[in-house]
Amino acid sequence: MSSSVTPATLDYLAQRLDELASQFPTSPDAVDLVTLTDDIGTLGHHLQHAIERAQERFTAPETVYPPERVALVRLARAAAGIARALDTLAEALTYATTGFQREAVEDLAHSPLRNDPEVLRIMTAEKYVAARARLRHTAAALRTASTPAGSSTPRTTGLQTQPAAGPQPRQPNRH
């Protein structure tokens, strides 16, 4: 039987994303194409695992109750964040391997900057920084999302005030 998606699952994914993001280079000198392709593969693995986990749970939707459904929505949003970071790293790989040929500024076709390795490293490092920010944002959202599930007391309190709708006639009587 498949295991449920819990706040602990989301926290674990957030931790993995933070760990990966912390390893991303932030300077052009630290950019390495082999590592970039490894990072793309690792991020793709996390994305695939998140999607498979959600699919696994919905093979028997009658066993997925509202709290887990909320966690699955959060997992889906995290998958979207991971996909955006993956897209950013794919752009970095494109810049690092093809330079300015088509991806950047078309007017630089005759510029010596087009294939300058230092410029390409700078662009790749900038993409890494952007991907890092996306992953950190996704991880923070997963953690924030886990917190309300753990502190369901405010929601319960909110639900208790709604069922206590009987006193609402008191409010019109107060007017």
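The values are calculated or read from the model by the stated rules, or taken from the named source; none is laboratory data. Remember, predicted model here, so these are calculated numbers, not experimental data. Cβ sites come from the backbone with ideal geometry, for glycine too, and all protein chains shown count toward neighbours. Only protein heavy atoms, including side chains, enter the accessible area calculation; ligands, DNA and RNA are left aside. Shrake-Rupley method; radii C 1.70, N 1.55, O 1.52, S 1.80 Å.
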**Request:** Kindly provide the set of residues from the range 1-35 that are in contact (Cβ under 8 Å) with a residue 12 or more places away in the chain, outside any helix (DSSP H, G or I) and surrounded by fewer than 18 Cβ atoms within 10 Å (Cβ to Cβ), ordered by number.
**Result:** S2, S4, T6, T26, S27
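Checking the conditions here, which among T59, T42, T97 is modelled with pLDDT under 95, over 13 Å from the mean Cα position of the chain (by Cα) and assigned to a helix (DSSP H, G or I)? Reasoning before the result, please.
Values: T59 fails: assigned to a helix (DSSP H, G or I); T42 fails: modelled with pLDDT under 95.
Result: T97 is the single residue among T59, T42, T97 that is modelled with pLDDT under 95, over 13 Å from the mean Cα position of the chain (by Cα) and assigned to a helix (DSSP H, G or I).
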**Message:** Given the criteria in a helix (DSSP H, G or I), out of contact with any helix residue (DSSP H, G or I) (no Cβ under 7 Å at 6 or more places or on another chain) and open to solvent by 70 Å² or more (accessible area, probe 1.4 Å), does R69 qualify?
**Reply:** yes
